[in-house]
Amino acid sequence: MKRFIEIDGVHNFRDFGGYKTKNGKQVKLNHLFRSGQFNGITDEGRARLETFGPKIVVDLRKDNERLKQPSNFGDLKIKKIENNMFAAREPKIPAHLQFLRDNECTPKSIENYMINMSRELAFLEDHKIMFKNAFDALSENNIPLIVHCTAGKDRTGTLCALVLKTLDVHDDDIMDDYLLTNKIPNIDQIIEDYLKKIRPIIEKDISKEALYPLGAVRESYLAAIMDEIKVRHNGVENYLEHIGITKKQIEKMRHYLLD
């Protein structure tokens with residue numbers, strides 16, 4: 001099936017439903033969507049988005065990111081769950097740019113950085129709050145739901161993998177969904193444009209080949225996320241209990257999202 005959906009002015013927009021579960025059910029289509037940010041969405045894109053009837057948008061970007069590139073939903077009536085935490089503590093230069101500025105940048109060194117960063121994604125305090133809010137919304141039937149961050153790959157990829165894991169989707173399908181970001185048609189151009197943008201900030205030149213592990217995703221990133229959850233909580237359901245999601249909520253979520 002075709003997972004990527006063209007929403008003019010939005011990249012990496014796709015349906016992450018439709019997968020079979022281990023007990024033979026199926027995640028409903030047109031209920032769960034993921035994407036990059038919506039600052040560039042056009043009138044045509046908004047009209048197309050409206051046809052899917054989204055009820056709620058989970059914006060995983062911090063408020064300082066939203067101020068720089070605010071979503072442009074216009075008159076669309078969509079409830080927003082936004083990350084308003086800890087922006088005041090953010091450094092002037094984000095951590096990944098500090099790494100690029102201060103270290104030798106090779107494909108391997110950047111991939112290792114991304115693996116280490118991925119291990120912490122599910123455990124940052126603002127992410128735990130946002131993930132709980134997203135699961136709360138799903139358990140209350142606030143569907144269709146859209147999850148997004150800036151690029152729609154790391155923070156978004158983590159939350160979407162947790163949702164699919166909770167719905168008992170096969171691990172191979174969860175990984176395949178995570179890796180679909182690497183197949184967006186214009187990924188090379190996105191990485192090239194990002195490279196031009198960050199050169200003045202990090203004050204050095206990096207090859208596109210070296211930067212690719214930051215602009216794309218790898219199996220090793222999702223494996224690191226899930227491994228760390230297993231180490232700290234012995235599985236996703238225990239992690240969800242840790243962040244405040246009950247078994248009853250999970251049952252409701254499965255009721256609303258599975259056929």
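The values are calculated or read from the model by the stated rules, or taken from the named source; none is laboratory data. Not measured: the values here are computed from a predicted model. Glycine also receives a Cβ, built like all others from the backbone with ideal geometry; neighbour counts cover every protein chain displayed.
Looking only at residues of region 28-76 that are in contact with a helix residue (DSSP H, G or I) (Cβ under 7 Å, 6 or more places away or on another chain) and in a helix (DSSP H, G or I), we find that the one that is surrounded by the most Cβ atoms within 10 Å (Cβ to Cβ) is Asp63. Met85 meets the stated requirement of being under 24 Å from Ile229 (Cα atoms), part of a loop (DSSP other than H, G, I, E, B) and not small (Gly, Ala, Ser). Apart from one condition, Gly152 fits all of (1) within 20 Å of Phe38 (Cα to Cα); (2) of a type in the set (Gly, Ala, Ser); (3) assigned to a helix (DSSP H, G or I); the exception is (3).
Per the conditions (1) under 19 Å from Met114 (Cβ atoms); (2) in a helix (DSSP H, G or I); (3) of a type in the set (Val, Ile, Thr), the sole criterion not satisfied by Ile206 is (2).
Against the condition touching a strand residue (DSSP E or B) at 6+ places or on another chain (Cβ under 7 Å), part of a helix (DSSP H, G or I), within 30 Å of Arg101 (Cβ to Cβ) and not hydrophobic (A, V, I, L, M, F, W, C), how does Thr181 come out, does it pass?
For Thr181, the condition - touching a strand residue (DSSP E or B) at 6+ places or on another chain (Cβ under 7 Å), part of a helix (DSSP H, G or I), within 30 Å of Arg101 (Cβ to Cβ) and not hydrophobic (A, V, I, L, M, F, W, C) - is not met.
Only one of the listed residues (Asn141, Asn133) is in contact (Cβ under 8 Å) with a residue 60 or more places away in the chain, surrounded by fewer than 19 Cβ atoms within 10 Å (Cβ to Cβ) and not in a helix (DSSP H, G or I). That residue is Asn141.
Note on region 53-67: residues that are under 30 Å from Asp259 (Cα atoms) and without any contact (Cβ under 8 Å) to a residue 12 or more places away in the chain total 0. In summary, Ile41 fulfils each of the numbered conditions (1) at pLDDT 95 or above; (2) under 16 Å from the mean Cα position of the chain (by Cα) with the single exception of condition (2).
Looking at region 119-152 only, could you name the residues that are of a type outside the set (A, V, I, L, M, F, W, C), out of contact with any Lys or Arg (no Cβ under 9 Å at 6 or more places or on another chain) and either within 20 Å of Asp177 (Cβ to Cβ) or modelled with pLDDT of 95 or more (or both)? Show your work before the answer.
Within region 119-152, the subset of a type outside the set (A, V, I, L, M, F, W, C) is 119-120, 125-128, 132-133, 136, 139-142, 144, 148, 150, 152.
Narrowing further to those that are out of contact with any Lys or Arg (no Cβ under 9 Å at 6 or more places or on another chain): 119-120, 125, 128, 132-133, 136.
Residues satisfying the conditions are Arg119, Glu120, Lys128, Lys132, Asn133, Asp136.
Return a yes/no flag: does region 34-52 have any residue that is among the hydroxyl-bearing types (Ser, Thr, Tyr) and in contact (Cβ under 8 Å) with a residue 40 or more places away in the chain. Yes, because at least one residue in region 34-52 is among the hydroxyl-bearing types (Ser, Thr, Tyr) and in contact (Cβ under 8 Å) with a residue 40 or more places away in the chain.
Kindly evaluate Asn116 against the criterion of being under 14 Å from Phe33 (Cα atoms), touching a residue at least 24 places away in the same chain (Cβ under 8 Å) and among the polar types (S, T, N, Q).
no
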